[in-house]
Structure formats: C-alpha cells, structure tokens
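**Q** Just dropping this structure here.
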Amino acid sequence: MFGWNPPKSRGKDYHTWDWGGNLIVHEIVQRPDGTLAVKVPDTVDAAFKNPLPANFQGITGDWLAADRNLSCESPYGFAGCTAREELPDQCKISASVSFSGQTQGVGLMLRTEDTLDAAYYVTLEPQRNRLTFRGAIMQSEEGGKTFP
C-alpha cells in the first residue's frame, strides 16, 4: 500500500500544501488472530540500519534513564525531555511506549527547543483511539494561518 505525503509550499509551515510529495510505503500483514496491520517493508527498513546515539535531558517531569530506556511517570500533567543530537533530514525514529488506562496523551516532540514552547507533536491519544500530528502553527484545510 502506498500514498503521497504532500509537503508545504516553499518548505514553510504557514504555506499551503503542495501537490504530490513524498512516497509513503506500508506493507499489509495478517496477525495470528486474523486482523490486519501495517508495517514498514523490510527493504525500506534496511535503508535506515545505522543507529545514531541519542542523549536525553529531562526538561519537565522526573525522568529515569537506563541503557537505552527512558521512563517518566506524570499522572497529573505534562512531562518532556529533549535530545541533544540534531536529526538528519531523512531518518527513522523507533520507540516503544507503555502507558496506563488513564493516559490522555503520549508522544514525541520533534524539532523542539529546550523551552519546549514550539515543536512538531506526534501524539497518541488512547482514549480517543487516534494518532495526531500537529505543528507549532495552527493549521486549517485552507492552508497555514498565523495568529498574533
């Protein structure tokens, strides 16, 4: 299965969507219980075989780091940490996430500053059964908009 992920015009978040874009490929697989799932094809996965180091620093919340694992319990509010390394333009980010039944949202912040004021947010919202992607600038179907 494949589709196109359109970029923003001139590479700016506040511009409208371009036609076409980047090819996104998924492989449909059948689970043992008969349900279907998608995964990255092995050929695409093999293109990103060189892991890069990541050193995280907690900004808000009590973070524990051991080996390649990070953990934080934040039952009543937001917690965030940042990595010191700059991401390459093309890369694969892998993460395993655990959360409780009361979790409202958990995810990744990309291209953020130490203040965590602005970022790209990839958020899993378990109670709504959805995954969202948001930028720091409010967006609409008509194109990007900025607010004072």
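**Q** Report, in deg cm²/dmol and to the nearest 500, the calculated mean residue ellipticity at 222 nm for the chain, where each DSSP H run with n ≥ 4 adds -39500 (n - 2.57) and the sum is divided by the residue count.
**A** Working: 1 runs with 5 residues, N = 148.
Taking each H run of at least 4 residues, the total per residue is -500 deg cm²/dmol.
**Q** Across bins of 5 angstrom width beginning at 0, how are the C-alpha pair distances of segment 1-51 distributed, in whole percent?
**A** 4, 17, 15, 16, 15, 16, 11, 4, 2, 0
**Q** Now for a separate question. Distance between Cα centroids, segment 13-37 to segment 104-131: provide it in whole Å.
**A** Cα centres, segment 13-37 to segment 104-131: 19 Å.
**Q** Just need the relative contact order of segment 39-80 here, percent rounded to a whole number, with Cα pairs under 8 Å and 6+ apart. Walk me through the intermediate numbers first.
**A** Details: 25 pairs, mean separation 13.1, N = 42.
The normalised contact order for segment 39-80 reaches 31 percent.
**Q** Over the chain, how many pairs of lysines fall under 26 Å by alpha carbon, counting only those 8 or more apart in sequence or from different chains? Numbers along the way, then the final one.
**A** Working: LYS8/LYS39; LYS8/LYS92; LYS8/LYS145; LYS12/LYS92; LYS12/LYS145; LYS39/LYS49; LYS39/LYS92; LYS49/LYS92.
Value for the chain: 8.
**Q** So, one more: Quick check: net charge around VAL29, other residues with Cβ under 14 Å of its Cβ, Lys/Arg +1 and Asp/Glu -1? Intermediate results must be reported in sequence, preceding the final value.
**A** Numbers: positive: ARG31, LYS39; negative: GLU27, ASP33, ASP42, ASP45.
Taking every Cβ under 14 Å from that of VAL29, the sum is -2.
**Q** Would you mind telling me which residue in ASP89, ASP45, ASP62 has the biggest mean-square fluctuation in a Gaussian network model of the chain, where springs connect alpha carbons within a distance under 10 angstrom?
**A** ASP89
**Q** Indicate the gyration tensor shape class of segment 20-106 (rounded, prolate or oblate), computed on the Cα atoms with a ≥ b ≥ c the square roots of the eigenvalues: a/c under 1.5 is rounded; otherwise a/b larger than b/c is prolate and the rest oblate. Intermediate values should be presented prior to the final figure.
**A** On the way: a/c = 2.21, a/b = 1.35, b/c = 1.63.
It comes out oblate by the Cα gyration axes.
**Q** Between beta-carbons, use under 12 Å as the cut-off and find the net charge around MET109, counting Lys and Arg +1, Asp and Glu -1. Spell out each step's value before the answer.
**A** On the way: positive: ARG111, ARG134; negative: GLU113, ASP114, ASP117.
Local charge sum for MET109: -1.
**Q** I'd like the FRET efficiency for SER9 and TYR121, computed as 1/(1 + (r/R0)^6) with the beta carbon distance as r and R0 of 25 Å, rounded to 0.05. List each step's numbers first, then the result.
**A** Values: r = 22 Å, r/R0 = 0.86.
So, using R0 = 25 Å, E works out to roughly 0.70.
**Q** Can you pull the three principal axis extents for the Cα set of the chain, in Å, largest first?
**A** 52, 43, 34
**Q** Let me ask another. For the pair PHE56/THR132, report the inter-label distance in nm, with labels modelled 7 Å from Cα in the Cβ direction.
**A** 2.2
Rule-based calculations on the coordinates, nothing more; no lab input. Keep in mind that what you see is a predicted model, and the values were worked out from it rather than measured. For neighbour counting, all protein chains shown are included, and Cβ atoms are generated from backbone atoms with ideal geometry for every residue, glycine included.
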